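Values quoted throughout were computed directly from the atomic coordinates according to the rules given, and no laboratory measurement underlies them. Keep in mind the model is a prediction, meaning the values are calculated, not measured. Here Cβ is always computed from backbone atoms with ideal geometry, including for glycine, and neighbour counts include all displayed protein chains.
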Amino acid sequence: MTEAKNRLQCVLSRINHATSQSNRPANTVQLLAVSKTWPADAQRLLAKQGQQHFGENYVQEAVDKIAALTDLSLVWHFIGPIQSNKTRDIAHHFDWVHSVDRLKIASRLSEQRPADFPPLNICLQVNIDQEDTKAGITAEHLFELAAAVSPLENIVLRGLMVIPKATDDKTLQHAAFQRAHKLFIQLQQRYPTVDTLSMGMSADLEAAIAEGSTLVRIGTALFGDRAPKMPQ
Ligand SMILES: *Cc1c(COP(=O)(O)O)cnc(C)c1O
């Protein structure tokens with residue numbers, strides 16, 4: 001077995017195990033392969049094993065890799081911080097954006113989405129542990145933002161994304177994911193298009209799945225430790 005195949009099967013079996021341990025139906029958690037800093041060749045190897053969804057954090061790096069992989073039918077998710085001068089590239093090249101945390105960015109993405117493309121799928125990023133250093137809207141202002149974003153023409157509100165404070169404490173991991181799940185359920189009650197709760201990474205996917213994640217974003221466990229960051 002190749003290393004890419006090995007790593008993918010290992011992550012998929014962690015996901016399946018966590019799903020069944022949580023008494024959730026099989027195949028209700030999607031795997032997003034987070035390929036930031038890894039070259040397009042590494043993505044190609046994983047795509048050959050059947051992986052279709054890829055997450056990227058840096059716009060220029062991603063645009064180059066997307067261009068190199070157009071022969072494959074992949075789904076591209078933008079998960080990094082968004083500067084307003086990058087929204088055009090994001091709106092033109094991606095299928096999903098997980099990191100929307102203000103109306104200005106959502107409006108620009110909607111305006112700049114090409115008219116002949118399907119609407120851009122949007123998750124709102126919530127700063128679930130209220131960390132000063134982290135992006136994301138506060139839980140308190142989430143519904144205000146959702147109400148402003150959901151009518152925008154060329155985007156569709158699909159759910160929430162959270163990156164809790166890094167901790168080895170399982171109780172804290174579960175508590176943060178549980179708070180996110182509660183917000184997700186409330187959002188889903190108001191907006192029927194909401195079906196995605198993007199939470200869980202290499203170190204905490206089990207806790208995230210136990211608390212209701214529908215999509216885990218996995219980098220290190222699939223690709224290894226981060227390759228040196230490419231120049232922008
Ligand atoms: C890098 C990154 C991940 C993947 O993290 P790993 O710990 O490498 O699995 C997930 N989500 C976001 C937003 C990231 O930036």
For each of VAL162, VAL29, VAL156, count neighbouring Cβ atoms within 10 Å of the residue's Cβ, then give the residues from fewest to most. VAL156, VAL29, VAL162
How many angstrom lie between the C-alpha centres of the range 8-78 and the range 130-183? 22 Å
Provide the per-residue ³J(HN,Hα) series for the range 213-223, in order, calculated from phi with Karplus coefficients 6.51, -1.76, 1.60 and θ = phi - 60°, each as a whole number of Hz, with x at glycine and proline positions. 4, 10, 8, 9, 9, 10, x, 3, 5, 9, 10
So what is the 222 nm mean residue ellipticity for the chain from helices alone, if each DSSP H run of at least 4 adds -39500 (n - 2.57) and you divide by all residues, rounding to the nearest 500 deg cm²/dmol? -12000 deg cm²/dmol
Everything considered on the Cα gyration tensor (a ≥ b ≥ c; rounded for a/c under 1.5, else prolate if a/b is larger than b/c, else oblate), the range 94-232 must be described as oblate
Once phi for every residue in the range 69-76 is put through the Karplus expression 6.51 cos²θ - 1.76 cosθ + 1.60 (θ = phi - 60°), the whole-Hz ³J(HN,Hα) values, with Gly and Pro written as x, are 10, 5, 6, 9, 9, 10, 10, 10
When the chain is treated as a Gaussian network with springs between alpha carbons less than 10 Å apart, the largest mean-square fluctuation among LEU183, LEU172, LEU160 is found at LEU172
Along the range 200-210, what does the Karplus equation 6.51 cos²θ - 1.76 cosθ + 1.60 (θ = phi - 60°) give for ³J(HN,Hα), rounded to whole Hz, x for Gly and Pro? x, 10, 3, 8, 9, 5, 5, 5, 5, 5, 4
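Can you sort LEU103, LEU31 from fewest to most other Cβ atoms within 10 Å of each residue's own Cβ?
Ranking LEU103, LEU31 by Cβ neighbours within 10 Å, fewest first, gives LEU103, LEU31.
Multiplying the sequence separation of CYS10 and ASP41 by 0.36 nm and subtracting their Cα-Cα distance, what value in nm do you get?
9.1 nm
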Rank these for me by crowding, TRP76, TRP38, going from fewest to most other beta carbons within 10 Å. TRP76, TRP38
Given the options GLN178, GLN189, GLN51, state which has the largest fluctuation in a GNM of the chain using a 10 Å cut-off (strictly under) for Cα springs. GLN189
Need one word for the range 72-120: rounded, prolate or oblate. Basis is the Cα gyration tensor (sqrt eigenvalues a ≥ b ≥ c); a/c below 1.5 gives rounded, then a/b vs b/c decides. oblate
How big is the dipole moment of the range 77-232 about its Cα centre under a simple scheme where the beta carbon of each Lys and Arg is +1, that of each Asp and Glu is -1, and everything else is neutral? Debye, nearest 20, please. 280 debye
Please work out whether the chain counts as rounded, prolate or oblate from its C-alpha gyration tensor, where a ≥ b ≥ c are the square roots of the eigenvalues and a/c under 1.5 means rounded, while otherwise a/b larger than b/c means prolate and anything else oblate? oblate
Label-point separation, ASN85 to GLN112 (7 Å along Cα→Cβ), nm: 1.1 nm
Out of the GluC sites (Glu not before Pro) in the range 112-152, which ones are loop residues according to DSSP with at most 15 other C-beta atoms within 10 Å? GLU131
Cα-Cα over 24 Å, subset of LYS5/LYS36; LYS5/LYS134; LYS36/LYS165: LYS5/LYS134
PHE143 label point, 7 Å along Cα→Cβ, cut-off 20 Å on backbone N: hits in the range 184-201? 184-197
Straight distance only, please: which aspartates and glutamates reach the Cα of LYS182 with their own Cα at less than 16 Å, same-chain residues fewer than 8 apart left out? ASP129, GLU140, ASP195, GLU211
